[in-house]
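The next block holds one structure in the form of structure tokens; read it before the comments.
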Amino acid sequence: MFRKILLIILLAFPLLEIWVLLLLANRYGWYLLFYLILIAFLGWRLIQDEKSFWSGQLIKDLSSGKPLGLALFKSSKNILAGILLIIPGVISDVIALVLLLIPIQTRTVNQDTYQAQRAANDEIIEGEFTRED
């Protein structure tokens with residue numbers, strides 16, 4: 001049953017995209033072509049920028065001790081949105097826009113807690129001492 005529903009969705013999506021493109025082409029003419037070219041270029045630039053941003057973000061997260069899953073999720077979400085922008089069609093552009101506008105909540109780490117956790121792992125014990133002979 002799941003395969004049949006997935007097959008129907010995979011077949012209906014391109015047909016729906018073509019139908020919407022034909023309706024918009026009849027209404028707006030050549031402006032639709034300019035729109036599709038501009039959006040494809042912006043999707044390509046989004047992918048290129050995300051590839052260069054991802055490596056810097058990865059190094060920053062590694063050095064600060066943050067989990068890497070969030071950076072990977074943000075980058076994969078933006079790359080998927082870029083791919084959807086490159087695909088000609090208005091529906092895929094709307095889906096890409098929704099992906100780009102979804103905010104990702106990041107938890108801020110309290111620096112005092114972070115320092116306390118790091119200090120517990122050090123081999124230095126702070127305190128006062130007196131020597132007795």
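The values are calculated or read from the model by the stated rules, or taken from the named source; none is laboratory data. Not measured: the values here are computed from a predicted model. With ideal geometry, Cβ positions are generated from the backbone for all residues, glycine too; neighbour counts draw on all protein chains shown.
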task: For residue 21, indicate whether it is surrounded by 15 or more Cβ atoms within 10 Å (Cβ to Cβ), within 23 Å of residue 91 (Cα to Cα) and modelled with pLDDT of 90 or more.
output: yes
Checked pairs for the range 86-115, first within 16 Å of residue 75 (Cβ to Cβ) and part of a loop (DSSP other than H, G, I, E, B), second at pLDDT below 95 and not basic (Lys, Arg), C-beta under 9 Å and 6 or more apart or across chains, list as 104/70; 104/73; 106/70
Out of (1) in a helix (DSSP H, G or I); (2) in contact (Cβ under 8 Å) with a residue 12 or more places away in the chain, the one residue 66 does not meet is (1)
